[in-house]
1. Could you tell me the ratio Rg/Rh of segment 83-189? Both radii from Cα atoms, Rh via Kirkwood.
2. Just to confirm, what accessible area per residue do you get for the chain at 1.4 Å probe, in whole Å²?
3. With each label point set 7 Å from Cα along the Cα-Cβ vector, what nm distance links Thr326 and Leu216?
4. When the Cα atoms of the chain are enclosed in a convex hull and the volume is divided per residue, what value in Å³ results?
5. Given R₀ = 22 Å, what would the calculated FRET efficiency be for Arg155 paired with Thr188, taking r from the Cβ atoms and rounding to 0.05?
6. Mean separation of Cα pairs under 8 Å and 6+ residues apart, divided by the residue count of segment 298-456: what relative contact order is that in percent?
7. Can you tell me the length gained on complete extension of the stretch Glu111 to Phe78, counting 0.36 nm per residue apart and subtracting the Cα distance?
8. So what are the ³J(HN,Hα) numbers for segment 304-318, from phi and the Karplus equation (6.51, -1.76, 1.60; θ = phi - 60°), rounded to whole Hz, Gly and Pro as x?
Amino acid sequence: MSAEHATTPRPAAAGSAPRIVTPYPGPRARAVIERMRAVEGAGPRTGGPDAPLVVDSALGSILTDPDGNTFVDMGASFAASTIGHSHPAVVAAIRDQAGRAAHVSSAAISEVRVAFEEALLGIAPAGLDRVLLGLTGSDANDTALKLARTATARREVIAFSGGYFGRGSGVIGLAGKAAVRTAVGRDTDAHFLPYPYPYRWPLGPGEAAGEAALALVRHALEDPASGYGPVAAIVVEPVQGNGGVVIPPAGFLTGLRELCDRHGVVLVFDEIQSGFGRTGRVWAAEHWGVVPDLMTVGKGVGGGQAVSAVVGRASLMSHWTPGSHTTTFMGNAVNLAAGRAAIGVLRDEGLADRSAALGTRVLESVSTALAVEQHVGEVRGLGLFIGIEIVSDRDTRAPDATRAAAIRRTAFERGVLLGGGGHHENVIKLCPPLTIDENLLDATVELTIDTIKGAR
Ligand code: PLP
């Protein structure tokens, strides 16, 4: 391999994917899976009955397995490869930093740590001017919760149905899906109210969901007999990711902002999945012009490395004593070099605008192509963040998780990795890297439509 190739990997050409040369799993992939099954404890998704993908290389939007099959990563590997896998700018930054200083304990400072923090604040909403680092999204939410509770000297939290904030012990109690907690023996740590989900609002579908959801929050905070104690924080995803690309009606986030201001409640937006250009704006909440008190970021912000952060108002992030917040690796210089490069890529390649433009096109073509499919209840999206709601029939809207899983498996066998989620696990998610080649995107969307139409 030449020096040029060593530092600047290029995505496989669009024509080379998807390409299935061996029915999956081929012999090399099967050998890796068997070794994994012999050593790993239960719990990860790779322990399920279907053969998980073995990734030999990941470049741009294309994943290649050890047998030479190529897959298009339409789920961006848990919505995290936002700028594409192994972006050349990130690879160069990692190589450079790894050769100088990789591990810097959080009690010391590297220049790149400050540079990353400055870059992140440079793209953060106005008024959010402090940052605390973490490694995972769960870490960042954990930190946000601790900040909100210590700043307000209150404990209770409002979260919403279908919300997902990670699996760490600090935040798992906020998961809308009870199974997330019960699987590992944890309890709730929040009051749950219904997220305004227009397609499945319990009192009848439609945009009225936003006002109604707000009315419930208002009641919780203002009726002295609501059962609530003093609320420290409302924690919410501006667009739900794991919940199935659920987009709240206009006015909902604005209303939450007003209620939080009135009652001294800290408003926390989790932009871990919806942020970093995904919805066609740098932060999803920009669609409604709402700025939270604390915002959590992760996934794509590390450019493929483990980087997360809480960004917030100085007034909420200046009360801890030195040593109150640390992890061994939160200042990891290689991770932060990757993150700084990723922020540069987002800005220099105009990825939020690209997401908006490509997302509008894909939403239009998928909606049109699936307009008469009885088992497609709704197609919705913002930017390259698109959800396809799979139902048994359109009239009852009964969610069909089995069919959704079958569609994802068939697409996989054809070389397309689709995202999944939903309150009922029945939503197909399209959220590819924002750098995806346009021709590859169009061809993959066609293949996805064909797979959904053929699903029985
Ligand atoms: N918040 C949101 C909205 C997420 O989608 C996720 C992960 O899917 C998390 C938090 C947790 O992030 P991590 O898995 O990095 O802990």
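The values are calculated or read from the model by the stated rules, or taken from the named source; none is laboratory data. Predicted model, so just to flag it, every value in this text is computed and none were measured. Quick reminder, even Gly has a Cβ in these numbers, built from the backbone with ideal geometry, and neighbours come from all protein chains shown. For the accessible areas, the whole protein counts, side chains as well, though only heavy atoms, and no ligand, DNA or RNA atoms are used. Shrake-Rupley method; radii C 1.70, N 1.55, O 1.52, S 1.80 Å.
1. Numbers: Rg = 17.6 Å, Rh = 16.8 Å.
Radius of gyration over Kirkwood radius for segment 83-189 works out to 1.05.
2. Details: 18790 Å² over 456 residues.
Value returned for the chain: 41 Å² of accessible area per residue.
3. For Thr326 paired with Leu216, the spin-label model returns 4.3 nm.
4. On the way: hull volume 66.8 nm³, N = 456.
Roughly 147 Å³ of hull volume per residue.
5. Details: r = 13 Å, r/R0 = 0.60.
So the FRET efficiency works out to roughly 0.95.
6. On the way: 195 pairs, mean separation 26.9, N = 159.
It rounds to 17 percent for segment 298-456.
7. Values: separation 33, 0.36 × 33 = 11.88 nm, distance 2.98 nm.
Difference between extended and current length: 8.9 nm.
8. Couplings: x, 9, 7, 9, 9, 6, 9, 10, x, 6, 4, 4, 9, 10, 10 Hz.
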